[in-house]
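Please read the structure below before turning to the comments.
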Amino acid sequence: VKRDDLIGPGMGGNKVRKLEFLIADAQAQGADRLMTVGAGQSNHARLTAALGMLFGLPTDLVLGGRPSPQPSGNQLLAKLFGARMHYPGTDDWAELESAQQQLAGQLQQAGHRPYLIPIGGSTPIGALGFAAGYDELLTQCAQLGFRPAAVVHATSSGGTHAGMLAAQACYRADGLDAPDIVAVSVAKTADDLGIHAAALARSALDRLGLPDIPIESAAVKVDGRWRGTDYAVPTSAGDAAVLAAARSGALVLDRVYTGKAFAGLLGMLDDDHWPDMADIVFWHTGGQPALFAPGGCPPCTVPELSHRA
Ligand SMILES: *Cc1c(COP(=O)(O)O)cnc(C)c1O
């Protein structure tokens, strides 16, 4: 398990890797504050607030849902880190983005230079954090003499997947061994997310000045079987995976992202998707604060689970 849940700061998660690059870009552009959008329990919004605070960039968050008199989970943490929260009263992504544009306009008129980060931080620059992340993983594996067949992770806005695809393409272009990447969709359809991630990976490579390195369509693997009816709507397989991880490894997964991705991994093991005894890396992308929001934890009614080694 690649533990981005332990990456810190602000309780960690995959968005830290993207924000490392996005905040450098904000600083290079002379921005004086950050702004982003997300669902009510957005991990990305919480981490933008945490890192904005650390880098002296006051942060505005435009969030779905409604404000709560008793904020919990990610919202509580974002408040703790000092972010200003805005609730336009919609859960529609396009409407949230346009509310962000409107707020940015107001701040610019008041003489500020806000740096706008789209949903999930999934820009070509944000994706570079995961190109570096994939390289970090392979370096660690090489040090341990460990050759994983695949890396499995949750995908929603596509930046994590895209960054890894970009780095994988570099390894393979050099004739080096590089594990498959299996992205388990927790948001859109597998086709939409695959096309989006491939395009974002292409832009990331172009930005690196590597236009000749191809993103092969066969390398883009998105498994759309585990999302259930919609983003953030729990599934029984996802909930079973949250319980299994908690009760076999004291590994804390969440219902929105990592639980569904881990359900995908367990499902693929059951299908004999990989050769016997293949080593697989589960990339834990974080998300544990959402467990402490209303409805964030699966009901623990199952008395006991079979333990997986
Ligand atoms: C955002 C997020 C993801 C998905 O990453 P993307 O780059 O948006 O696809 C996965 N897991 C958690 C916990 C997240 O917060």
Item to complete: Could you check how many residues of region 15-73 are in contact (Cβ under 8 Å) with a residue 24 or more places away in the chain, part of a helix (DSSP H, G or I) and more than 18 Å from Ser157 (Cα to Cα)?
Response: 11
Practice prompt. Consider Asp206 carefully, then state whether it is open to solvent by 40 Å² or more (accessible area, probe 1.4 Å) and either in contact with a Phe, Trp or Tyr (Cβ under 7 Å, 6 or more places away or on another chain) or at pLDDT below 95 (or both).
Written response: no
Discussion item. Being open to solvent by 20 Å² or more (accessible area, probe 1.4 Å) and in contact with a Ser or Thr (Cβ under 7 Å, 6 or more places away or on another chain) is true for just one of Pro124, Pro118. Which residue is that?
Written reply: Pro124
Discussion item. Within region 270-295, take every residue that is under 23 Å from the mean Cα position of the chain (by Cα) and closer than 19 Å to Lys221 by Cα and give me the one that is surrounded by the fewest Cβ atoms within 10 Å (Cβ to Cβ).
Written reply: Asp279
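This table checks each residue for (1) aromatic (Phe, Trp, Tyr); (2) modelled with pLDDT under 95; (3) within 16 Å of the ligand (Cβ to nearest atom).
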position	(1), (2), (3)
Thr59	no, no, no
Leu63	no, no, yes
Ser68	no, yes, no
Met85	no, no, no
Phe130	yes, no, yes
Leu137	no, no, yes
Response to the item:
For region 1-30 the number of residues that are small (Gly, Ala, Ser), surrounded by fewer than 22 Cβ atoms within 10 Å (Cβ to Cβ) and within 15 Å of the chain's Cα centre (by Cα) is 1
Worksheet item: Within region 74-100, restricting attention to residues that are free of Cβ contacts under 8 Å to residues at least 12 places away in the same chain and farther than 24 Å from Gly295 by Cα, which residue is surrounded by the fewest Cβ atoms within 10 Å (Cβ to Cβ)?
Response: Ala94
Discussion item. What's the total number of residues in region 28-69 that are among the charged types (D, E, K, R) and more than 19 Å from Val16 (Cα to Cα)?
Written reply: 2
Discussion item. Residue under question is Val186, and the condition is that it be touching a Lys or Arg at 6+ places or on another chain (Cβ under 6 Å) and closer than 18 Å to Gly121 by Cα; does it hold?
Written reply: yes
Fill in: Counted residues, region 259-299 - those being away from the ligand (no atom under 14 Å from the Cβ) and outside any helix (DSSP H, G or I)
16
Worksheet item: Looking at (1) more than 16 Å from the chain's Cα centre (by Cα); (2) within 13 Å of the ligand (Cβ to nearest atom), can you tell me which one Leu200 breaks?
Response: (1)
Fill in: Filtered residue count, region 211-248, keeping only those that are modelled with pLDDT of 95 or more, open to solvent by 50 Å² or more (accessible area, probe 1.4 Å), charged (D, E, K, R) and over 27 Å from Ala201 (Cα atoms)
0
Worksheet item: Can you tell me which residues in region 175-195 are hydrophobic (A, V, I, L, M, F, W, C) and either more than 12 Å from the ligand (Cβ to nearest atom) or closer than 18 Å to Gly259 by Cα (or both)?
Response: Leu176, Ala178, Ile181, Val182, Ala183, Val184, Val186, Ala187, Ala190, Ile195
Worksheet item: Just checking, how many residues over region 61-77 are within 23 Å of Gln106 (Cα to Cα) and either out of contact with any Ser or Thr (no Cβ under 8 Å at 6 or more places or on another chain) or among the polar types (S, T, N, Q) (or both)?
Response: 3
Fill in: Cβ-Cβ under 9 Å pairs, at least 6 apart or on other chains, region 171-184 side free of Cβ contacts under 8 Å to residues at least 12 places away in the same chain, far side assigned to a helix (DSSP H, G or I)
Leu176/Leu138; Leu176/Cys170
Practice prompt. Give me the pairs, please: first residue somewhere in region 101-116 and touching a residue at least 12 places away in the same chain (Cβ under 8 Å), second residue anywhere and surrounded by 13 or more Cβ atoms within 10 Å (Cβ to Cβ) and of a type in the set (Ser, Thr, Tyr), beta-carbon distance under 9 Å, and either six or more positions apart or on two chains.
Written response: Leu116/Thr36
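Conditions tested, residue by residue: (1) charged (D, E, K, R); (2) within 18 Å of Val182 (Cα to Cα); (3) over 17 Å from the mean Cα position of the chain (by Cα); (4) within 12 Å of the ligand (Cβ to nearest atom).
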{"position": "Leu107", "(1), (2), (3), (4)": "no, no, yes, no"}
{"position": "Ala110", "(1), (2), (3), (4)": "no, no, yes, no"}
{"position": "Arg113", "(1), (2), (3), (4)": "yes, no, yes, no"}
{"position": "Leu116", "(1), (2), (3), (4)": "no, no, yes, no"}
{"position": "Thr123", "(1), (2), (3), (4)": "no, no, no, yes"}
{"position": "Leu144", "(1), (2), (3), (4)": "no, no, yes, no"}
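The values are calculated or read from the model by the stated rules, or taken from the named source; none is laboratory data. Remember, it's a predicted structure, so these values are computed and weren't measured experimentally. Here the Cβ is made from the backbone with ideal geometry for all residues, glycine too, and neighbour counts use every protein chain on show. Remember, those area values only see protein heavy atoms, side chains included, never the ligands or the DNA or RNA. Shrake-Rupley method; radii C 1.70, N 1.55, O 1.52, S 1.80 Å.
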